[in-house]
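Remarks on the structure that follows.
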Amino acid sequence: MSFGAATGGAINTAGTLAITTDGGVGAAGEIQITSSEALSLGVLNTDDATAQDVSISVTGDNATLLVTAASALDSDVVTFTADEMNIGSTVTTTGIVTLQTNEAGEQIDLGSAGSTVNDILELSDTELGNIRTTTLRVGRANAG
């Protein structure tokens, strides 16, 4: 499923993306979302008691990943990738959560007052507190 604009078309910004998987028999599968524009992320709910990969990437330069609703991701491994993030609601998992910049080498400011400077991923204490996990990783493995 693709969201966005066809070549020469207009971008549809009609709402917030929300995804629920129900598990059924076996694993519900992974969730991978990539947007070249800002993305408003609503509820993510993987109610199946299996570990899955959840990867949300905003690839546009200085584009924002906005978390607008609480997400319950049981034991999933979650990766948020964006140049700017606004984590306004809780993300809960017993798995690993990684917050990383879109490109290696970009700066990260922990405990900042908010997103005020381009090309620096600024995460406030409140935003970091909204990530409820056993392991939180901030930064890229290939940052240099």
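The values are calculated or read from the model by the stated rules, or taken from the named source; none is laboratory data. Note that the structure is a prediction, hence the values are computed from the model and not measured. Please note: Cβ atoms are built from the backbone with ideal geometry, for glycine as well, and neighbour counts cover all protein chains shown.
Do the conditions hold for Gly111, that is, is it at pLDDT below 95, out of contact with any helix residue (DSSP H, G or I) (no Cβ under 7 Å at 6 or more places or on another chain) and more than 18 Å from Thr64 (Cβ to Cβ)? So Gly111 does not fit the description; no.
Of the residues contained in the stretch 120-133, none is found to be over 23 Å from Thr68 (Cβ atoms) and at pLDDT below 95.
Restricting attention to the stretch 98-108, the residues that are at pLDDT below 95 and of a type in the set (A, V, I, L, M, F, W, C) total 2. Taken across the stretch 115-130, residues that are free of Cβ contacts under 8 Å to residues at least 24 places away in the same chain, charged (D, E, K, R) and touching a strand residue (DSSP E or B) at 6+ places or on another chain (Cβ under 9 Å) do occur, with at least one present. Leu66 meets all of the listed conditions (1) more than 14 Å from the chain's Cα centre (by Cα); (2) buried (at least 16 other Cβ atoms within 10 Å of the Cβ); (3) not charged (D, E, K, R) but one, namely (1). Being more than 19 Å from Thr46 (Cβ to Cβ), among the β-branched types (Val, Ile, Thr) and free of Cβ contacts under 8 Å to residues at least 60 places away in the same chain is a description that applies to Ile108.
Every test in (1) surrounded by 16 or more Cβ atoms within 10 Å (Cβ to Cβ); (2) in contact with a Lys or Arg (Cβ under 6 Å, 6 or more places away or on another chain) is passed by Ser57 save one, and that test is (2).
Of the strands (runs of 3 or more DSSP E) contained entirely in the stretch 39-80, those carrying at least 1 residues that are farther than 17 Å from Glu127 by Cβ fall at 39-46, 53-58.
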